């Protein structure tokens, strides 16, 4: 449905209501005028005149025809008068009607119906719009029909939303998407900010690098401004005085404050110092750390676990050296476990010697073992060196007729024991 069709519907609806109202009001106006005309018409006098005229005419006519006086016509007059009364009423009715319609036409002709209709229509339409008795169809009023000269719309009556092609005396919005965000805490620009001049009241903080040209110009301008007021001798004199005063009076670190509180007090840093980037420390007598701790990307402590070369210790004590893992943990109640958690061999020794080898298969290898005061070892041939008396060397290459091993008699003397025989 186009705008003309909507407009025609609106006019038709408004006209129907208007005609119904005007018909009632005009009809009431005509009735009021007719009532005024009838009330101003002297019906009694008119009737009396008609009666007298009719009676006189009847008496005269009767007397002349019968050659008799008025007294003789009394009874006959009654009859005649009855007939004349009907004629009189008919004549009177016609007279009244003619009088009424004549006056009515005169009154209607003198009535300004154009003015009456216009005033009534204006009053009726104004009441309809004022009392919201009529609902305008969507898009029914063209913008050309609205007087914009004195039109003022409050901002509270405007529904917020996206305004495209916004322009004002001081703003031109040519962006195709959001480029400026204004909040209570900051004004954020989503693209390059270009300003002829910039005046910063307060602190200027830059996250990132300044444009090289801008940084150079700012630095050069600052140097030029300082050099215009001070020279090298001025700075040297000031620095020397500061150094001299520190040498003679020392530096009172209690005067250095952080948020109105001394940074150092009674040889202790203030409690507010919770972050630092210290790279060298002297002797630390006590150190207490709460939370995760990582030292040199090697030692990791957290959740009651200690890890070396791992940030995810699986046991209370977890050591990794490339692919090899060594752990210390609780095996079960009243039982500790020390070893490896992987399918790997474990060697115990001193001086980097393999003293005890625990194989992943479950075997145990010993180079030498002493039980009490007797030492046990093995050899593929008979020993000849001097050893402690009683030391036993097992034969690593047993054959029939050969001993199971040898026992030291001291002084490089050995004896065979346990000759191997066939079963």
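The values are calculated or read from the model by the stated rules, or taken from the named source; none is laboratory data. Predicted, not measured: the structure shown is a model, and the values here were computed from it. Here the Cβ positions follow ideal geometry from the backbone for every residue, glycine too, while neighbour counts run over all protein chains shown.
Below are the figures for this structure:
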quantity	calculated
Residue satisfying condition, being at pLDDT 70 or above and touching a strand residue (DSSP E or B) at 6+ places or on another chain (Cβ under 8 Å), within set 224, 190	190
Count of residues meeting criterion [assigned to a strand (DSSP E or B) and surrounded by 14 or more Cβ atoms within 10 Å (Cβ to Cβ)] in region 382-417	10
Options 207, 156; residue that is loosely packed, with under 10 Cβ neighbours inside 10 Å, modelled with pLDDT of 75 or more and not in a loop (DSSP other than H, G, I, E, B)	156
Tally of residues being surrounded by 11 or more Cβ atoms within 10 Å (Cβ to Cβ) and under 30 Å from residue 255 (Cβ atoms) across region 265-324	4
Scope region 159-171; condition exposed (fewer than 10 other Cβ atoms within 10 Å of the Cβ) and more than 19 Å from residue 188 (Cβ to Cβ); matching residues	159, 160, 161, 163, 164, 165, 168, 169, 170
Unmet criterion (only one of (1) touching a residue at least 12 places away in the same chain (Cβ under 8 Å); (2) surrounded by 10 or more Cβ atoms within 10 Å (Cβ to Cβ); (3) within 46 Å of the chain's Cα centre (by Cα)) for residue 327	(3)
Some residue of region 345-359 being loosely packed, with under 11 Cβ neighbours inside 10 Å, part of a loop (DSSP other than H, G, I, E, B) and at pLDDT 90 or above	no
